Amino acid sequence: MRRWALTWLMTLLVGVVALAQRTAVSGTVRDAKTGEKLAQVSVMADGSGEAVVTNEDGAFTLKTDQKVETLVVSYVGYHTRRISVKEGGDKPLDIRLTSAVVQLNEVVVWTSDPRQLVRIAMDKIPANYSRQPELMECFYRETAMKRQNYIYVAEGVVDMYKTSYNRGVGRDRVAIRKGRRLLSPRQKDTLSVKVIGGPVQSVQLDVVKNSQFLLNVEELSYYDFKLLPSQMIDDREQFVVAIEPLIPQPYALYYGRFYIDRETMAFTRVELQLDMSDRDKATNYMLVRKPFGVRFRPKELSLLIDYKLGADGLTRISYVRNTFRFNCDWKRRLFATSFTAVCEMVVTDRAAEAHPIDGRQSFDSRDAFYDKVDFFRDPDFWRDYNIIEPSESLDRAIDKLVKRHTAK
């Protein structure tokens, strides 16, 4: 069976990014009770379908050509809020989300067997997801951190063409519209990572469409299933099914959760974490190659795939995030160095007409995004494009590195 894994290529690099942008609507999303900033919250312009997600500091910026009067803000486990943009005037919005307590009504549950629940959702994929080709505009970013400092960022606007969900991902394509990469000027920041496939990962990791990855009878037979308490997403009640490895395989398996809409039985969210109990299996799953003399120690590989229910009753992929953590040490050094790499893609808009992407223009799954985009810093680079807001710590790191490089 062909397995789609998050594969990374370690290489010698130097790197970080600089980001600047004009804003249209911006703000921060927090927990209404604790004040905690919420990451990966969906923020959508009501009526236009244009969307972004919040960063690790709960911040977002949404750009659109249309007048934005209302934002729809949603996050798993919280009530969805509709926010009038006029509430904040010209100032950034301070949005508070309230935790959603699921009140279980007297309903007929189809089955108490969580494995069967997942099978029912799998059988309903053709009805719940698009049966027509679609073209989506997306923002993609990949970053690498050495300890707590950013050493490399590559980002870009990409087009993603998806065929009907009745078909596999073999003819789905991604093309780069514009992109850039920025690197740390520090010569000591010599170890970073490249993501093999880059934005194509969002095609391959569409778990619902790519049945070869996980959602097939053979692969699921290796897992144990458990039904967890229900959760709310977009004010809709969700079944939550947890999986964990049951039958050992030659390769590493996943721990994870499936969120299934109670009414439509569509998959709305998938969370996966690679089993790290066998270091050799995890390393083989994650690593392509490494510099000579470096010892690689895997710590985490986690995947998050979000789907959104549209006004037409169909559910579509909206956000994909991969997090990859590892330690590296050199034989002559006393302490290991920790690295974190993240790649994420958010669907920001959907085209009225779906034109296939020419194969000559599509991004190859064997390529690294880093190698396909230019190296430069331009404050007006993004203009009117929607991007994933850079975190506050990234901004500070960029300014510090740029000033240091300029001083030299």
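The values are calculated or read from the model by the stated rules, or taken from the named source; none is laboratory data. Every value quoted in this text rests on a predicted model; they were computed, and no experiment measured them. Quick reminder, even Gly has a Cβ in these numbers, built from the backbone with ideal geometry, and neighbours come from all protein chains shown. These accessible areas exclude ligands, DNA and RNA; they are computed on the full protein's heavy atoms, side chains included. Shrake-Rupley method; radii C 1.70, N 1.55, O 1.52, S 1.80 Å.
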key: Close pairs (6 angstrom Cβ cut-off, 6 or more residues apart or separate chains): farther than 23 Å from residue 386 by Cα in region 167-183, modelled with pLDDT of 90 or more and open to solvent by less than 40 Å² (accessible area, probe 1.4 Å) anywhere   = 169/209; 169/210; 171/163
key: Condition met for residue 230 (outside any helix (DSSP H, G or I) and either open to solvent by 30 Å² or more (accessible area, probe 1.4 Å) or in contact (Cβ under 8 Å) with a residue 40 or more places away in the chain (or both))   = yes
ask   = Which one of these is among the β-branched types (Val, Ile, Thr) and in contact with a Pro (Cβ under 7 Å, 6 or more places away or on another chain): 283, 264?
value = 283
note = Of the residues in region 132-146, those that are closer than 28 Å to residue 164 by Cα and either free of Cβ contacts under 8 Å to residues at least 40 places away in the same chain or in a strand (DSSP E or B) (or both) come to 134, 135, 136, 137, 138, 139, 140, 141, 142
task = May I ask you to verify whether residue 244 is free of Cβ contacts under 8 Å to residues at least 60 places away in the same chain, under 16 Å from residue 118 (Cβ atoms) and not hydrophobic (A, V, I, L, M, F, W, C)?
result = yes
message = For region 303-320, which positions are acidic (Asp, Glu) and not in a strand (DSSP E or B)?
response = 312
inquiry  = Quick check on region 120-141. Is at least one of its residues aromatic (Phe, Trp, Tyr) and at pLDDT below 90?
reply    = no
key: Checklist (1) at pLDDT 90 or above; (2) under 27 Å from residue 177 (Cα atoms); (3) touching a Pro at 6+ places or on another chain (Cβ under 9 Å); (4) not small (Gly, Ala, Ser) applied to residue 305, failing item   = (3)
request  = Name every residue in region 88-115 that is modelled with pLDDT under 70, closer than 30 Å to residue 61 by Cβ and surrounded by 13 or more Cβ atoms within 10 Å (Cβ to Cβ), in order of residue number.
outcome  = 88
request  = Scan region 200-223 for residues that are within 14 Å of residue 247 (Cβ to Cβ) and part of a loop (DSSP other than H, G, I, E, B) and jot them down.
outcome  = 221, 222
key: Single condition residue 258 does not satisfy, out of (1) open to solvent by 60 Å² or more (accessible area, probe 1.4 Å); (2) aromatic (Phe, Trp, Tyr); (3) touching a Phe, Trp or Tyr at 6+ places or on another chain (Cβ under 7 Å)   = (1)
key: Residue pairs meeting the criteria (Cβ under 8 Å; at least 6 apart or on separate chains; first part of a loop (DSSP other than H, G, I, E, B), in region 35-58; second aromatic (Phe, Trp, Tyr))   = 38/75; 38/78; 40/75; 40/319; 41/60; 41/75; 54/60
query = So, in region 170-191, of the ones that are modelled with pLDDT of 80 or more, assigned to a loop (DSSP other than H, G, I, E, B) and more than 27 Å from residue 48 (Cα to Cα), which residue ends up most open to solvent (accessible area, probe 1.4 Å)?
reply = 171
Members of region 348-364 found to be open to solvent by 40 Å² or more (accessible area, probe 1.4 Å) and not in a loop (DSSP other than H, G, I, E, B), listed by number = 349, 350
inquiry  = What pairs come out if I take residues in region 269-288 that are among the acidic types (Asp, Glu) and pair them with residues that are open to solvent by 60 Å² or more (accessible area, probe 1.4 Å) whose C-beta lies under 8 Å away, six or more apart or interchain?
reply    = 271/257; 275/255
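Conditions tested, residue by residue: (1) touching an Asp or Glu at 6+ places or on another chain (Cβ under 9 Å); (2) over 18 Å from residue 178 (Cβ atoms); (3) modelled with pLDDT of 80 or more.
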position: 316; (1), (2), (3): yes, yes, yes
position: 331; (1), (2), (3): no, yes, no
position: 335; (1), (2), (3): yes, yes, no
position: 338; (1), (2), (3): no, yes, yes
position: 359; (1), (2), (3): no, yes, no
position: 363; (1), (2), (3): no, no, yes
position: 399; (1), (2), (3): no, yes, no
note = Selection from region 365-382 of residues modelled with pLDDT of 75 or more, in a loop (DSSP other than H, G, I, E, B) and open to solvent by 100 Å² or more (accessible area, probe 1.4 Å) yields 366
key: Residues that are at pLDDT 95 or above and part of a loop (DSSP other than H, G, I, E, B), drawn from region 235-246   = 246
